[in-house]
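Please treat every number below as a calculation from the coordinates, not as lab data. Every value quoted in this text rests on a predicted model; they were computed, and no experiment measured them. Neighbour counts are summed over all protein chains in view; Cβ atoms, including those assigned to glycine, are modelled from backbone coordinates with ideal geometry.
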Amino acid sequence: MDAVRTVEAEVRELIRRSGLDPTREPREVQRLVRDAVADYDQRSMHGGMPVLDDLALAEKSVWDTVAGFGPLQQYFDDPTIEEIWINEPTRVFVARGGVAELTTTLLTSDVLCTCQGRVGLVVA
């Protein structure tokens, strides 16, 4: 398991234990993510753990996964993206300037279930 996935698992457990709701309490969850990344970074300096290469990128990745739409969040954050559609987990498209683009994004069943729960997507 890489460093970011380890922090993500730790944050999910902290959210579960604290009872925080990322959609209703984003500031508290953002603080929790920031603190968890900093804590992991300190622990990794002592060796024996994978290192986080970029703390800001790690924070964003963990936040996007626990409170956003995981690998799809980059498209929601991009103001040039007009539409996102998923034909299958390995075929995620976006529209930019009226032109459809096949992305390199690959989705897992966990990500699809999370997205479905967050926006009521129908996954066939």
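Quick look at the values:
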item: Among (1) 15.3; (2) 18.1; (3) 15.8, the entry derived from the coordinates for Kirkwood radius over Cα pairs in Å; result: (3)
item: Max mean-square fluctuation residue, GNM over the chain, Cα-Cα springs under 10 Å, options Q73, Q42, Q30; result: Q42
item: Length released on extending from V51 to L102, taking residue separation times 0.36 nm less the Cα-Cα span; result: 15.1 nm
item: Least to most buried among E28, E10 (fewest other Cβ within 10 Å first); result: E28, E10
item: Max mean-square fluctuation residue, GNM over the chain, Cα-Cα springs under 10 Å, options V51, V62, V33; result: V51
item: Residue of L55, L102, L32 that the Gaussian network model of the chain assigns the largest fluctuation, springs spanning Cα pairs under 10 Å; result: L102
item: Cα gyration tensor shape of the stretch 3-67, rounded if a/c is under 1.5, else prolate or oblate by comparing a/b with b/c; result: prolate
item: Estimated 222 nm signal from helices in the chain, with DSSP H stretches of n ≥ 4 weighted -39500 (n - 2.57), rounded to 500; result: -16500 deg cm²/dmol
item: Footprinting exposure proxy for V92, V99 (fewest neighbouring C-beta atoms within 10 Å first); result: V99, V92
item: Net charge of neighbours whose Cβ lies under 11 Å from the Cβ of Q74, counting Lys and Arg as +1 and Asp and Glu as -1; result: -2
item: Residues Y75, Y40, sorted so that the one with the fewest Cβ neighbours within 10 Å comes first; result: Y75, Y40
item: Table column - 3J(HN,Hα) (Hz), the stretch 97-103, Karplus curve with 6.51, -1.76, 1.60, x for Gly and Pro; result: x, x, 10, 6, 10, 7, 8
